[in-house]
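Notes follow once the structure below has been shown.
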Amino acid sequence: MIHVSNLTKEYGNRRAVNEISFKVEKGEIVGFLGPNGAGKTTTMRILTGYLPPSSGKVEIGGYDIMEHSIQARRLIGYMPETVPLHQDMTVYEYLKFMADLRKIKNAKQRVNEVLAQLHLEERASGYISKLSKGLKQRVGLAQAILHQPEVLILDEPTIGLDPAQIIEVRNLIRQIGKQHTVLLSTHILPEAQQVCNRVLIINKGNIIAEDTTEHLQARLAGSQRVILRVRGEISPLLPLIEHTPGVLRISRQNDDTLEFETPHAEDARPQVARAAIEAGFELLELHAVSLSLEEIFLQLTHEDAPVPMTTSEPAEQ
């Protein structure tokens with residue numbers, strides 16, 4: 001549904017987006033991650049037709065966003081980070097106004113459906129200016145899904161929501177993603193891990209990673225971290241583990257737990273388990289710990305990090 005080819009955006013002599021290419025197919029929820037200034041918002045604005053690209057091509061549902069802008073935009077629901085709501089309207093008036101602009105059939109019925117879907121019925125008659133930031137975010141999401149778009153582009157959709165609202169919105173995104181295409185930018189990295197099928201990581205205008213979080217973990221980690229927990233004081237076991245073949249580093253976590261590293265090609269867990277049991281320790285826990293998405297993100301966007309995961313060229317300086 002979203003096909004991006006060699007997309008570039010320049011502001012004077014500064015290149016904000018550098019010849020990036022990616023696809024998001026129907027039924028996918030893809031997270032779009034990157035530090036501030038990396039090019040996320042610029043890319044999303046180009047995808048929605050708000051900004052023209054300097055070069056490259058964007059297709060939404062087969063329509064070129066520049067040559068067939070109206071047809072492409074009809075397929076898109078867009079929620080910017082700061083939603084431009086009409087503060088002097090009630091929630092119902094605003095959504096009805098948006099429905100009429102989009103020429104939605106049975107507009108009143110559809111507005112009521114969306115109000116119920118986002119639990120805004122009790123706020124329908126309230127003025128938008130009186131709403132909390134979290135409720136305004138929900139109204140912004142309501143207008144984005146009002147016309148049942150095939151492609152949903154969300155820029156920080158859960159920012160400002162309380163924990164219960166975040167769970168509701170994440171569940172809604174998962175539900176929408178079963179039949180539609182969702183591109184989701186977020187600074188909440190566990191959110192991307194929980195909601196998204198894949199992640200795109202952009203840094204300095206380049207796509208530097210594009211994969212599932214599980215594959216990124218495997219590709220980035222030259223070794224795996226392992227947690228070992230026993231019953232009782234673990235200190236006497238430390239020298240034995242240190243001299244076990246395949247153990248690279250070891251650190252004590254608390255009285256009964258330690259962490260060590262072992263190469264993927266030389267898994268030391270069986271030898272460690274045997275050493276602990278033969279030394280008379282009762283083994284309670286022994287498991288590998290994957291890199292978190294935060295750790296992946298920091299590795300890839302670190303100032304000195306190479307551009308390892310794609311063929312994109314470095315941005316011009």
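FYI, it's all coordinate maths here, none of it is from the lab. Since this is a predicted model, take the numbers as computed values, not measurements. Backbone-built Cβ (ideal geometry, glycine too); neighbour counts: all protein chains shown.
Some observations on this one:
- Rounded to the nearest 20 debye, dipole of the stretch 2-217 from Cβ charges on Lys, Arg, Asp, Glu: 400 debye
- Residue-by-residue Karplus 3J(HN,Hα) for the stretch 205-210, coefficients 6.51, -1.76, 1.60, Hz, glycine and proline x: x, 10, 6, 9, 7, 8
- For the chain, the fraction of alpha-carbon pairs lying more than 25 Å apart is 59 percent, rounded to a whole number.
- Taken one residue at a time, the phi angles of the stretch 119-129 give Karplus couplings (6.51, -1.76, 1.60, θ = phi - 60°) of 6, 10, 4, 6, 9, 4, 8, x, 6, 4, 4 Hz. Gly and Pro are set to x.
- Local net charge near Lys105, Cβ-Cβ under 15 Å (Lys/Arg +1, Asp/Glu -1): +4
- Gyration tensor verdict on the stretch 61-207 (Cα atoms; rounded if a/c is under 1.5, prolate if a/b is larger than b/c, oblate otherwise): oblate
- Options Gly12, Ala288, Ile60, ranked by Cα towards positive dipole end of the chain, top entry (Cβ charges): Ile60
- DSSP beta bridge pairing in the chain, given as percent antiparallel to the nearest 5: 70 percent
- Note, ³J(HN,Hα) from phi for the stretch 35-41, Karplus 6.51, -1.76, 1.60, rounded to Hz, x at Gly and Pro: x, 4, x, 7, x, 4, 5
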